[in-house]
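**Q** Once you've had a glance at the structure underneath, I'll fire off some questions.
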Amino acid sequence: MVPTKAEAEAAFDLFVEQFEAKYPKAVECLLKDQHDLLAFYDFPQRHWQSIRTSNPIESTFATIRHRTKRSKGCLNRDGMLNMMFKLSQCAQSRWRRMRGFADLDKVITGIIFKDGIEQNTLDQKAA
């Protein structure tokens, strides 16, 4: 939760130093995925919360999971798929728009962000 990738890497190294002897397999797994764990620093800062959490995925399927468990065995495959589709349509009315939605076009077009701040390159300044 630090503001820069350099600080996050320093905290990560400190974590590895403290826990490598006690939890070697867990630390090895984290070391293997360190680049992916800190990748959110390459996106706009307003997107970080959405990237770091899996809650939107879990929330999306909570309604569907709740209903499909209750109606187990009552529908054929096509009926179940239709029900899941309709449930997800109803659930989307309660979803919040992602923070920094306006920055998505910058991410899609390949504008570079460092520590959540847009970086101006020479090509972008000339355009």
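Just so you know, all these numbers are worked out from the coordinates, no wet-lab data involved. It should be emphasised that the depicted structure is a prediction, and the values quoted were computed from it without experimental measurement. Every residue, glycine among them, receives a Cβ derived from its backbone with ideal geometry; neighbour counts consider all protein chains shown.
**Q** What distance in nm separates the two pseudo spin-label positions at Ser93 and Asp115, each 7 Å out from Cα along the beta-carbon direction?
**A** 4.5
**Q** For a Förster distance of 25 Å, can you work out the FRET efficiency between the beta-carbons of Phe61 and Met1, rounded to the nearest 0.05?
**A** With R0 = 25 Å, the Cβ-Cβ based efficiency is 0.40.
**Q** Could you work out how much longer the chain between Lys86 and Cys29 gets when fully extended? Use 0.36 nm per residue separation minus the Cα distance between them, nm to one decimal.
**A** Full-extension gain reported as 16.6 nm.
**Q** Among Lys32/Lys69; Lys22/Lys106; Lys32/Lys114, which pairs are too far apart, with a Cα-Cα distance over 31 Å?
**A** Pairs exceeding 31 Å: Lys32/Lys69; Lys22/Lys106.
**Q** Checking a compactness column here: for segment 12-58, what do you get for Rg(Cα) / (2.2 N^0.38 Å), N being the number of residues?
**A** 1.39
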